[in-house]
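Inspection log for the structure reproduced underneath, given as structure tokens.
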Amino acid sequence: MKIGIIGAGNIGGNLAKLFAEAGHEIAIANSRGAETLDDFSKEIGDNVDPMEIEDAAKFGEIVLVAIPFGEYKTLPADALANKIVIDAGNYYPDRDGTFEEIENNKITSSELVAGHLKDSTIVKAFNTIWFEHLKTQGDKDLPFGDRRVIFVCGDDSDAKHIVSQLIREIGFGAYDTGSLSEGGKTQAVGSAIYNRNLTVGEVDAVLQSGY
Ligand SMILES: NC(=O)c1ccc[n+]([C@@H]2O[C@H](COP(=O)([O-])OP(=O)(O)OC[C@H]3O[C@@H](n4cnc5c(N)ncnc54)[C@H](OP(=O)(O)O)[C@@H]3O)[C@@H](O)[C@H]2O)c1
């Protein structure tokens, strides 16, 4: 599959490597320009190309966004139209500025992203796992229930299924927390599952107990 990645840091950079190792074609972009990613992409392999943001967005059949959430309005909505967009972002007010509607639980950060990318299909995923765990904890030999969980949410079941398949290919197990609104809250910073080192099999008990 052709995967565009916008944001080449802890999350975007490591997922570029994992998706490339799984055999996908990757286009990766950051804020400073494609030439700044030449060395990085060469290290990973022939199937990773540095591009400008808009070109990476157009390249991907599916596009991962892994930038500071507060930058979401800079994403190229036209280039991302009619695509599945994976939003790995989290809202941190110290970094992103204060968004009153998120603070008041009226909306989730991914719904704001979806409002900007109004012709894209948003799936929130990879936002609850620390990048160091993302690098090391995928294990394709483990049975599904014993795998480290990656949560997904969104309003389109087919899109969630495709993203869950990608998660499975890199050795993790996907768990669907529901819609972008409900699941977005379940997956938000500070929730019971945020940055918790859980297997798929452990999730139900944690969600039921709320801790
Ligand atoms: N760190 C984690 O463990 C972790 C885990 C889960 C989710 N997250 C979330 O994932 C997102 C990315 O986190 P990260 O730790 O990967 O960040 P990071 O290491 O700081 O990397 C951010 C990347 O985004 C690029 N970028 C910044 N603004 C951009 C823009 N307007 N357009 C395109 N690219 C832009 C940066 O490019 P330049 O370097 O050129 O500026 C950099 O490549 C955040 O929302 C974070 O909260 C992080």
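The values are calculated or read from the model by the stated rules, or taken from the named source; none is laboratory data. Predicted model, so just to flag it, every value in this text is computed and none were measured. Using ideal geometry, Cβ is built from the backbone for each residue, glycine included, and neighbour counts are taken over all protein chains shown. All accessible areas refer to the heavy atoms of the entire protein, side chains included, with ligands and DNA or RNA removed. Shrake-Rupley method; radii C 1.70, N 1.55, O 1.52, S 1.80 Å.
Structure above, values below:
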read-out	value
Net dipole in debye of the chain [+1 Lys, Arg Cβ; -1 Asp, Glu Cβ; about Cα centre; nearest 20]	360
Potential extension, E21-H161 segment - 0.36 nm per residue separation minus Cα distance	48.3 nm
Residue-averaged [θ]222 nm for the chain, counting only DSSP H segments that reach four residues, each worth -39500 (n - 2.57)	-9000 deg cm²/dmol
Lys pairs under 17 Å by Cα in region 92-211, provided they are eight or more residues apart or on distinct chains	4
Scattering curve values for region 62-113, log₁₀ I(q)/I(0), Debye with Cα scatterers, q = 0.32 Å⁻¹	-1.35
Label-point separation, K140 to E103 (7 Å along Cα→Cβ), nm	4.7
Accessible area of region 60-211 belonging to carbon and sulfur atoms, whole % at 1.4 Å probe	46
Label-point gap, in nm, between T36 and S181 - each point 7 angstrom along Cα→Cβ	3.8
Cut-off under 5 Å, modelled amide H: who pairs with I28 long-range	I5, D49, M51
Heavy-atom surface of region 83-164, accessible at 1.4 Å and reported per residue (Å²)	48
Coil-residue trypsin sites (Lys or Arg not before Pro) of region 63-163, DSSP, other Cβ within 10 Å capped at 15	K106, K118, K140
Mean separation of Cα contacts under 8 Å (6+ apart) over length of region 55-211, as relative contact order %	21
Bridge type composition, the chain - antiparallel percent by DSSP, nearest 5	15
Cα gyration tensor shape for the chain, rounded if a/c is under 1.5, else prolate or oblate	oblate
Test item: Cα-centred dipole of region 13-99, Lys/Arg +1 and Asp/Glu -1 on Cβ, debye	280
Förster radius 35 Å - calculated FRET efficiency between K118 and A205 (Cβ-Cβ, nearest 0.05)	0.40
Which of A188, I167, A27, positive extreme of dipole for the chain (C-beta unit charges)	A188
Local electrostatic count, K2, Cβ distance below 9 Å [Lys/Arg +1, Asp/Glu -1]	-2
